[in-house]
Amino acid sequence: MTILKILSLSLLLLVLNACDRNQQHGHQQTFFVFGTSVIVQIQGVTDKKAKLAIQTIEQDFHQLNKQWHAWDKGGIVSQINQAIANNKSILVTDEVKQFIQKSQQLAKLSDYLFDPAIGKLIKMWSFHSEDWQGPPPSAKQIEKWKQNRPSIKHITFNGNQLSSSNIEVQLDFGANAKGLALQRAITHLKSVGINNAIVNIGGDMSVIGQNIAANDSKKPWQIGIQSPSDPNKIIAIAKLPSNMSIVTSGTYQRYFEWQGKKYSHLINPNTGKPADSLASVTVIHHDPTLADAAATAILIAGKQKWQQIAKQMEITEILLVDQKANIMNTSNKIFIDIY
């Protein structure tokens, strides 16, 4: 019997002491993209300026989602995957080249636990869509995939001409595309003179400035981190300095159950199987793309290897929760009030 467990897309991280919606102090707007809710809060400017900035971000996010979605045939990632499958090269823009090259660097630092070239493995586990139902692939299927072991390191560039030495490579940037979106949103906000804001993509957030109260008092943005086992329970609070991002990866968001066993969407490329040692990893870093990739890699690394991967990726602010609800914390400066 197959049991499909689809958790609601409630935010993994909650903004505490949300802004006053008074015109001079805060404007908040929500829209849906990347398969989740996006919330943008802007403070210290008029509603008109805030609305215009959010409208631009929303349009950019929808375009990013189309271009970077692994399974949208109209996007650049799908075009790249098709070219690789046909053993052909493809011309890409500077932005695409730079993002892939950065992803290659992050993959190497993570010992390829974060590896956006495992699209076929993700599809094999049925996590390429919202229909996560199993059954899990057979041991023979996994072993065959491992023998080819496609990796993002198999992609090379000749100028802006992209090619791959392994036709089994299929890119899927689900593990760090939201980081790219957060970076672009913050860059836009700063460019139009907005200095106090928070952008929240399904619980992954970037902040600038401070949280301004209705009486004009300012304090750091405080983020409540939800329990992996109880979405109504906050297990810690993070106090974020300006220009920082907070990202969580968890095995409890997207999964299916098959014959009494739970299978998470976070798959270890080295074993071909879902990670099951840690329940969630929250990472804080100034670079949201790095934070996004690192949260995935550290969770997949598990209890035995997470410290090594964190060190290699230069991540120092981490909160981990294992499958027995034990909490591990690397910092008491940002992660406060751990319950």
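Where a number appears in this text, it was derived from the coordinates with a stated rule and is not lab data. On a predicted model such as this, the values are computed, not experimentally measured, just so you know. Cβ coordinates were reconstructed from backbone atoms using ideal geometry, including for glycine residues, and neighbour counts include every protein chain displayed.
Extension gain, residue 59-residue 37: 0.36 nm per intervening residue step, less the Cα-Cα distance, totals 6.5 nm. The aspartates and glutamates within cross-link reach of residue 88, meaning a Cα-to-Cα straight distance under 13 Å and a gap of 8 or more places when in the same chain, are 168. Residues within the reach of a label modelled at residue 165 (point 7 angstrom out along Cα to beta-carbon, backbone nitrogen below 12 Å), restricted to the stretch 135-151, are 151.
Taking Cα atoms only, the orientation of helix 139-148 departs from the longest principal axis of the chain by about 90 degrees. Under unit Cβ charges (Lys, Arg +1; Asp, Glu -1), what dipole magnitude, rounded to 20 debye, does the chain have relative to its Cα centre? My answer is approximately 420 debye. Stretching residue 101 away from residue 47 to a fully extended chain increases their span by 15.6 nm, per 0.36 nm per residue minus the current alpha-carbon distance.
Anything over 23 Å Cα to Cα? Flag those among 73/144; 123/262; 123/178; 153/273, in the order listed.
Details: 73/144 26 Å; 123/262 17 Å; 123/178 20 Å; 153/273 20 Å.
Where the Cα-Cα span goes over 23 Å, the pairs concerned are 73/144.
Rounded to the nearest 10 degrees, the angle from helix 76-85 to the longest Cα principal axis of the chain is 10 degrees. Computing volume of the Cα convex hull per residue in Å³ for the structure here picks out one of (1) 178; (2) 160; (3) 130, namely (3). Helix-only arithmetic for the chain: the sum of -39500 (n - 2.57) across DSSP H runs with n ≥ 4, divided by the residue total, places the mean residue ellipticity at 222 nm at -10000 deg cm²/dmol.
Take the Cα of residue 86, step 7 Å toward its Cβ, do the same at residue 314, and the gap between the two points is 4.0 nm.
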